[in-house]
Structures are given as C-alpha cells and as structure tokens.
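First up is the structure itself, then whatever we jot down about it.
Taken together, the values in this text are just the output of simple stated rules run on the coordinates, not laboratory data. As the structure is a prediction and not an experimental result, all values here were calculated from the model. Heads up, the Cβs are rebuilt from the backbone with ideal geometry, glycines too, and the neighbour counts pull from every protein chain shown.
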Amino acid sequence: MNAEALNDELSALGFKKIVYNSNTGKTVLLLSNWTVTGIDNAGQQQPVDKAVVVHVTK
C-alpha cells in the first residue's frame with residue numbers, strides 16, 4: 001500500500017501521531033513516494049492519541 005493512502009485512512013480513523021520509519025534510514029518527506037512494509041502492532045486496538053509506527057520502503 002502507498003504510504004499516502006495509509007496516512008489518509010489512519011487520519012480518517014482519528015490517529016494524529018503517525019511516525020514513518022524508512023528501511024534505508026532516509027527521512028520520509030513525500031509519502032506518495034513510499035510503500036508500506038509493515039505497521040507496529042497491526043490488528044490490535046489502541047487509543048487514537050498513541051503513536052502509530054509505520055515502516056516504509058522506496
């Protein structure tokens with residue numbers, strides 16, 4: 001999934017703290033250029049004020 005599309009979905013669910021962690025160590029600036037490879041604690045319920053860590057690659 002494209003990181004920008006995931007960001008839109010998470011924002012629509014009310015998450016405000018979304019952290020993007022690249023596998024290359026590069027800074028994630030333009031979400032549309034990145035592909036999601038994983039999400040920490042995927043499938044588990046968590047408060048919307050807790051940070052969601054998304055792993056991405058180019």
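Within the range 29-58, residues that are under 13 Å from ILE18 (Cα atoms) reach partners that are surrounded by 10 or more Cβ atoms within 10 Å (Cβ to Cβ) and basic (Lys, Arg) with beta carbons closer than 6 Å, at six or more positions or on different chains, in the pairs ALA51/LYS17. Restricting attention to the range 1-27, the residues being more than 21 Å from GLN46 (Cβ to Cβ), touching a strand residue (DSSP E or B) at 6+ places or on another chain (Cβ under 6 Å) and of a type outside the set (S, T, N, Q) number 0. When the range 1-56 is examined, which residues are found to be of a type in the set (Val, Ile, Thr) and in contact with an Asp or Glu (Cβ under 7 Å, 6 or more places away or on another chain)? The answer is VAL53, and nothing else.
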